[in-house]
Amino acid sequence: MEFFSNIGKIPYEGKDSTNPLAFKYYNPDEVIAGKPMREHLKFALSWWHTMGGDGTDMFGCGTADKTWGESAPEARAKAKVDAAFEIMQKLSIDYFCFHDRDLSPEYGSLAASNAELDKVTDYIKAKQDETGLKCLWGTAKCFDHPRFMHGAGTSPSADVFAFSAAQIKKALESTVKLGGTGYVFWGGREGYETLLNTNMGIELDNMARLMRLAVDYGRKIGFKGDFYIEPKPKEPTKHQYDFDTATVLGFLRKYGLDKDFKMNIEANHATLAQHTFQHELATARVNGVFGSIDANQGDPLLGWDTDQFPTNVYDTTMCMYEVIKAGGFTNGGLNFDAKARRGSFTPEDIFYSYIAGMDAFALGFRAALKLIEDGRIDKFIEDRYASWNTGIGKDIVDGKVTMEDLEKYALSKGEVTDSLSSGRQEMLESIVNNVLFSL
Ligand code: XUL
Ligand code: CO
């Protein structure tokens, strides 16, 4: 059955097209920088927002119909698969991401939920064989059911920890079955509201224990992809333990997990942490833990996780600039952890919003390549740090000098003047505009 019979495959028509159901910048098979755009960008559909999110918020019920014409949960889960594959094929999206419970809901007992999940993953696997569509990453929804009210791995209840481990075990098996190249830990309710009821030490130790168990099991069953942590500073809890990339790095290093995990950076999570998206990407890159991206954007006037489809081309440009500098995606990709606004409720809005997001990233990718090809920014940065390539700078880098040597050098030089130069921020910002608007 076709769910979107009034919408065909979305064509690429170029920047002069005014067809709202056409790509202006994303030309999936166009070869740029040695490979097709689709392989650079590795777009993914998020099963939760796109197939399940109906616009429900804390002030009102859903506005979009995401029943896919079925009322029984088993039939709806299969209809979701059919609709998701239709959306991906029509939009030239090659990957999808899922939580276990997005694919198949809970059925009363873990055994029953697992059995129903198996039926849905069998069905997906058959569709993947038919279409070639792939799984980017999977995860477990260990934050929705009331049992997770105090956290999953960080719950004070050992039984909740055990339940979470069992659920993650199955989610890992499902990810492996669907050929996923990533497995995500987003903190869910791993955090706290007040220290008056919280033993932070035990909670952090347990969170690490759960991750270690999961990594060991994943490797045992042949998972060769990347494990990711997706940092977020707050929401749902007041203090999420995985605040930002730097905090997560400290945690991973403390518990010896730093070789096993990379980052899944989400734009709106970065801004909630009072960082730019680029800051988080750069922090991951320079620490060798860049992995994957949850593509979306927040609203600077709203302090919560609005998960909007990304349309800010400056942000997508600087994001892709970081991705290129990191060597591109390997196991990761660009997952649209984004939802159409509650008022954008018709089936067409799914297509309009993905087109907006995919075009914003395609344009950002083209702009980032131009920035790098233009070379003015890179050259400026290179020159700015030139003092480290020779003389005293090189001796410091090579570990050849002591504090005494540096004192002697500083005393002999007198006040520092000749090696200070302007940061030229405004000039550089105008170079970015110049490159962007002459595309
Ligand atoms: C929540 C969020 C999640 C994760 C997966 O803010 O981003 O959807 O991406 O659990
Ligand atoms: Co996310």
When the accessible area of the chain is computed with all protein chains present and a 1.4 Å probe, what percentage of it is carbon and sulfur? 55
Taking only Cα atoms of segment 1-82, radius of gyration then Dmax in Å: 16.9, 49
Antiparallel DSSP beta bridges within the chain, as percent of all bridges there, nearest 5: 20
11 Å beta-carbon shell around THR56, net charge (K/R +1, D/E -1): +1
If you look at just the Cα atoms of segment 147-188, how large are its Rg and its Dmax in Å? 11.5, 34
What residue among LYS134, LYS224, LYS259 shows peak mean-square fluctuation when the chain is described by a Gaussian network model with Cα springs under 10 Å? LYS259
Computed [θ] at 222 nm, helices only, for the chain once each DSSP H run of length n ≥ 4 contributes -39500 (n - 2.57): -14500 deg cm²/dmol
Just to be sure I follow: if Rg is taken over the C-alpha atoms of segment 195-253 and Rh is the Kirkwood radius over the same atoms, what is Rg/Rh? 1.02
With Rg from the Cα atoms and Rh as the Kirkwood inverse mean 1/r over Cα pairs, segment 255-303 has an Rg/Rh of 1.04
What is the helix-to-structure angle for 403-413, meaning the angle in degrees between its Cα long axis and the longest Cα principal axis of the chain, kept from 0 to 90 and rounded to the nearest 10? 60
Sum up the charges of everything whose Cβ sits under 9 Å from the Cβ of PHE85, counting Lys and Arg as +1 and Asp and Glu as -1, but leave PHE85 out. -2
Expressed as a whole-number percentage, the relative contact order of the chain with C-alpha contacts under 8 angstrom and at least six residues apart is 14
Taking θ = phi - 60°, what integer Hz values does the Karplus form 6.51 cos²θ - 1.76 cosθ + 1.60 yield along segment 157-163, in sequence order, with x for Gly and Pro? 8, 5, 5, 5, 4, 5, 4
Over segment 329-439: Kirkwood hydrodynamic radius from C-alpha pairwise inverse distances, Å: 19.0
Amide H neighbours of PHE43 under 5 Å, counting only residues 5+ apart in sequence or on other chains, H built in-plane at 1.01 Å? ASP94, LEU334
Starting from the Cα coordinates of segment 37-107, work out the convex hull volume and express it per residue in Å³. 110
Hey, what's segment 178-218 come to in accessible area per residue, 1.4 Å probe, Å²? 44
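Using the heavy atoms of the protein chains and a 1.4 angstrom probe, tell me the accessible area per residue for segment 16-139 in square angstrom.
41
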Result for segment 285-391: accessible area per residue, probe 1.4 angstrom, in square angstrom, of 44
Ranked order, MET318, MET58 - accessible area, probe 1.4 Å, largest first: MET58, MET318
List the trypsin sites (Lys or Arg not before Pro) within segment 391-439 that DSSP assigns to loop and that have no more than 10 neighbouring Cβ atoms inside 10 Å. LYS400
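Over 26 Å between Cα atoms, which of LYS35/LYS232; LYS141/LYS238; LYS42/LYS232; LYS262/LYS325 qualify?
LYS35/LYS232
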Give the residue list of GluC sites (Glu not before Pro) in segment 348-439 that are DSSP loop and have at most 13 other beta-carbon atoms within 10 angstrom. GLU415
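Once you wrap a convex hull around the alpha carbon atoms of segment 79-137, what is its projected area averaged over all directions, in nm²?
Its Cα hull, projected and averaged over all orientations, spans 3.9 nm².
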Taking only the alpha carbons of segment 183-324, what extent do you get along each of the three principal axes, in Å, biggest first? 40, 40, 23
Using alpha-carbon coordinates alone, the radius of gyration and Dmax of the chain in Å work out to 23.7, 82
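The values are calculated or read from the model by the stated rules, or taken from the named source; none is laboratory data. Quick caveat: nothing in here was measured; it's all calculated off a predicted structure. Because the Cβ atoms are built from the backbone with ideal geometry, glycine has one as well, and the counts that use them run over all protein chains shown. All accessible areas refer to the heavy atoms of the entire protein, side chains included, with ligands and DNA or RNA removed. Shrake-Rupley method; radii C 1.70, N 1.55, O 1.52, S 1.80 Å.
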